[in-house]
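Below is one structure, written out as structure tokens; the observations come after it.
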Amino acid sequence: MNVRRSLIVICFLATALVKAEITLPGIFTDAMVLQRQTDVLLYGWAEPNEEFTVFTSWNDVTINVKTGNDAKWEVTVQTPKAGGPYEITFKGGANEITLKDVLIGEVWLCSGQSNMEWSANSKIVNRDFEIENANYPNIRLFSITKRTSKYPQEDVSGTWRACTPESMQDFSAVAYFFARKLQKELNMPIGLIDNAWGATSAEVWTPASVFEAHPQLAEAQKKVKPNKWVTTEKSVLYNGLVAPLTKFKIGGTIWYQGESNTANAESYQNLFTNMITSWRNEWNNDFPFYYVQIAPYKYDDEFAGGIVRDQQRRALSLKNTGMAMTSDICTIEDIHPLNKQDVGLRLANIALKDHFGELQGQEVYGPLYKSSVVNGNQVEVHFSHADGLYNKGNKIALFELSNKKGEWFPAKAKLKNGTVIVRAKEVQKPTAVRYAWRSTDIATLFNSVGLPASTFKSERLN
């Protein structure tokens, strides 16, 4: 009996010792990047009510920490200007963890479906050259292991790696080119967190609270067809791949998704803006959210692609968002355009101008619909971001006008002093105008910096 009791005591002590070890979330590893000049939360687990210390080398400060009854701990530290490398040491009674080669800079989340997930190894323009020259030790890459969950999780799995030809080739190509441009202009470390998953609809990235508040979005989600690459169940990727990051400070998000929502295209703006807002609420941070407008493609539905593009345009009404247009760098035969360089560059230029205050005087958007005025049987269409507006080709195509019955007819259009004047012989009293509305319509209107005009449909004009 005494031997048995001794064994029980030994097992108990061994278990207690294991529990006492400080544990960090998977996002905290060597070679990580922390967001610069802000309050950053360090957090994790240990024995309930355990006391230990956290040391940050950038300010030579040691902080005393104590876990709660729930075995969780967190401490806020102030990060300096961009730089490094630094170390963070967590020292307790049972173990000591030192994170080495920690950089301070800009941290961006890179999310969406396959066009964001798409890597150089998946085939991009100039693949071999881009891989061979991807030596950027101050760009750090974190790929999250794919996980789904019915409930919000607290941790993810992955490892931070410096950008090298070996690590870059399996990482998001769009995100890499985005970071490369940022680092060139800002000259600071850039950290990228990639949780993109191919074929996903926006619903799987949206927390359950959104569907509870907007039941019509749950109803619209039923139109999304199951696929063999990922579940279509609402919220499961938010729970598994986004919720665990919401304590980790980020500078912003880039997003490339929408193709899988052509099944319920009309609800995309409502869903997308609520998704963005929910993420910002969970981070308690109105961070910039820049996204890619999906490219023209031969979808099964004649208009679904155009509807999603217009819904994405309308989502720009949400503050601190930006959209990169791509209709000039695609082919309607391939849902995965190979030119990821220009996609990343356009996202980076938006971030540099709108968020970082760089590139002043440079246009970073294509022409966006602004307003329409009916003048007799004609409609005058005005665009923003339209300096030097011109058309590629002899005739301006892809405009349509609707009559009072809501019937649409192809229209003739001409440019006059930066305004597009549209008319159709079948429509004497126009009620609306739209442009590049079909899924396969590739814009021919451009501004002076060569960026294409966005698909649009006006509100009812009279």
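The values are calculated or read from the model by the stated rules, or taken from the named source; none is laboratory data. Every value quoted in this text rests on a predicted model; they were computed, and no experiment measured them. We place every Cβ from the backbone using ideal geometry, glycine too, and count neighbours over all the protein chains shown. These area figures cover heavy atoms from the full protein model, side chains too; ligands, DNA and RNA do not enter into them. Shrake-Rupley method; radii C 1.70, N 1.55, O 1.52, S 1.80 Å.
Let's see if you can work this out: charge +1 on each Lys and Arg Cβ, -1 on each Asp and Glu Cβ, no other charges. What is the dipole magnitude of the stretch 100-180 about its Cα centre, in debye to the nearest 20?
Numbers: 9 positive and 10 negative charges, 41 e Å.
Computed charge dipole of the stretch 100-180: roughly 200 debye.
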Task: Lys/Arg +1, Asp/Glu -1 at C-beta; the chain dipole; positive extreme among Val381, Thr164, Leu182 - done: Val381
- [ ] Quick one: angle between helix 173-186 and the longest Cα principal axis of the chain, in degrees between 0 and 90, rounded to 10, please.
- [x] 80
- [ ] Could you check the simple spin-label distance between Glu333 and Leu415, using points 7 Å along Cα→Cβ, in nm with one decimal?
- [x] 2.9
Open item on the list: For Asp300, project a label point 7 Å along Cα to C-beta. Then give me every residue of the stretch 232-249 with its amide nitrogen under 20 Å of that point.
Closed with: 232-234
TODO: Report the relative contact order of the stretch 351-452, percent, no decimals, based on alpha-carbon pairs under 8 angstrom and at least 6 residues apart.
DONE: 31
Task: Cβ charges +1 (Lys, Arg) and -1 (Asp, Glu), total dipole of the chain, debye - done: 1400
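If exposed means no more than 10 neighbouring beta carbons inside 10 Å and the site is in a DSSP loop, what's the longest run of the chain without any exposed GluC sites (Glu not before Pro)?
Between exposed loop sites, the widest span is 1-332.
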- [ ] Report the relative contact order of the stretch 33-173, percent, no decimals, based on alpha-carbon pairs under 8 angstrom and at least 6 residues apart.
- [x] 21
Open item on the list: Below 8 Å, C-alpha to C-alpha, sequence gap of six or more: please give me the relative contact order for the chain in percent.
Closed with: 12
- [ ] Have a look at the DSSP beta bridges in the stretch 34-116 and tell me what percent are antiparallel, nearest 5.
- [x] 90
TODO: With N denoting the number of residues in the chain, provide Rg(C-alpha) divided by 2.2 N^0.38 Å, to two decimal places.
DONE: 1.12
TODO: Post the alpha-carbon centroid distance, the stretch 158-206 to the stretch 322-401, in whole angstrom.
DONE: 24
Open item on the list: Can you give me the accessible area per residue for the stretch 188-302, using a 1.4 Å probe, in Å²?
Closed with: 34
TODO: Could you state the angle between the C-alpha long axis of helix 304-314 and the longest principal axis of the C-alpha atoms of the chain, as a value from 0 to 90 degrees rounded to the nearest 10?
DONE: 70
TODO: Could you please state how large a percent of the accessible area of the chain is carbon and sulfur, counting protein chains only and using a 1.4 Å probe?
DONE: 48
TODO: Take the cross-link list Lys370/Lys416; Lys249/Lys319; Lys81/Lys249; Lys184/Lys319 and give me the ones stretching past 18 Å between alpha-carbons.
DONE: Lys249/Lys319; Lys184/Lys319
Task: Dipole of the chain, positive direction: furthest Cα of Pro296, Gly198, Ala82, with charges on the beta-carbon - done: Pro296
Open item on the list: Quick check: residue separation of Asn187 and Asn135 times 0.36 nm, minus the Cα distance between them. What number comes out in nm?
Closed with: 17.2 nm
TODO: Per DSSP H run of n ≥ 4, the term is -39500 (n - 2.57); total these for the chain, divide by its residue number, and report the mean residue ellipticity at 222 nm rounded to 500 deg cm²/dmol.
DONE: -6000 deg cm²/dmol
